[in-house]
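What follows is calculated from the coordinates using simple rules that are stated; it is not laboratory data. On a predicted model such as this, the values are computed, not experimentally measured, just so you know. Note that each Cβ is placed from the backbone with ideal geometry, even for glycine, and that neighbours are counted across all protein chains shown.
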Amino acid sequence: QQKVQQSPESLTVSEGAMASLNCTFSDGTSNNFRWYRQHSAKGLEVLVSIFSDGEKEEGRFTAHLNRANLHVSLHIREPQPSDSAVYLCAVSGTGANTGKLTFGHGTILRVHP
Amino acid sequence: AQTIHQWPVAEIKAVGSPLSLGCTIKGKSSPNLYWYWQATGGTLQQLFYSITVGQVESVVQLNLSASRPKDDQFILSTEKLLLSHSGFYLCAWSPGWGGGEQYFGPGTRLTVL
């Protein structure tokens, strides 16, 4: 069964400084890896989906995937106070369970002006 | 454009009372539908998914049931609520099974007293 761990639990950065979040998973054969953002118990907003090793950029959000190291990261360039939220890493299942997402516990990001 | 709507926005219910939460997706035919649950301070877990009308698969057993009476509607229910059912319920849809992106609704906050 896929296990997903996120670190750090919380992160505080100053506006404009790079924010880096980490996610490790137990099964590297998953098809895809996603980063979502959740503001104050609202719905989830997808930020980046990545399928292959390497880097994928979506605006100020860049994901790095390394399946061999069972690791995917999210880097937020020039974070703003409005980026303060919970960031969730999600890993898809494999085979018939591809539509099953397993989430990490989340990283609380606070961006100070 | 596709829109996803959940109702009610929030609910306060007594232990042992029945529950029905709803989700509708507009602008997309034959979506895959999902129910997720997030206990306060807990990890988001997928509860059910449905690929077609009348068909629902259970992922996690929580003494809840789900139904898909129409192509664009997904219902989560139980006849007897437990304290442990409290939390945040999210509905999501995807255009297909597998690696397709999952898009989340705004959620329903349930408090069981």
Checklist line | Among B:46, B:6, B:36 the positive-end extreme of the charge dipole of chain B (Cβ point charges) | finding: B:6
Note to self: With +1 assigned to the C-beta of every Lys and Arg and -1 to the C-beta of every Asp and Glu, and no other charges, what is the dipole magnitude of the protein assembly as shown about the Cα centre in debye, to the nearest 20?
What the structure shows: 380 debye
Next item on the list: Treat every Asp and Glu Cβ in chain B as -1 and every Lys and Arg Cβ as +1, leave all other atoms uncharged, and give the resulting dipole magnitude about the Cα centre to the nearest 20 debye.
Entry: 160 debye
Notebook entry, point to check: Counting other Cβ atoms within 10 Å of each Cβ, which trypsin sites (Lys or Arg not before Pro) in the range B:24-93 have at most 15 and sit in a DSSP loop?
Noted result: B:80
Notebook entry, point to check: Alpha carbon centre of the range B:31-86 versus the range A:39-113: separation in Å?
Noted result: 24 Å
Note to self: Past the 22 angstrom mark, what percentage of all C-alpha to C-alpha distances in chain A do you count?
What the structure shows: 26 percent
Next item on the list: Using only the Cα atoms of chain B, each taken as one equal point scatterer with no solvent, compute I(q) by the Debye sum, divide by I(0), and report log10 of the ratio at q = 0.11, 0.12, 0.17, 0.18 Å⁻¹.
Entry: -0.31, -0.37, -0.75, -0.84
Margin query: Ranking request for peptides A:20-33, A:43-56: highest mean number of other beta-carbon atoms within 10 Å first, then the rest in descending order.
Written below: A:20-33, A:43-56
Notebook entry, point to check: According to a simple spin-label model (label point 7 Å from Cα along Cα-to-Cβ), what is the distance in nm between residue B:70 and residue B:12?
Noted result: 3.1 nm
Next item on the list: Calculate the all-directions average of the projected area of the protein assembly as shown's alpha-carbon convex hull, and give it in nm².
Entry: 12.1 nm²
Notebook entry, point to check: Over chain A, what is the percentage of antiparallel beta bridges among all DSSP beta bridges, to the nearest 5?
Noted result: 90 percent
Notebook entry, point to check: Roughly what % antiparallel, to the nearest 5, for the DSSP beta bridges in chain B?
Noted result: 90 percent
Next item on the list: Provide, for the protein assembly as shown, the number of lysine pairs with alpha carbons under 14 Å apart, each pair being eight or more places apart or on different chains.
Entry: 4
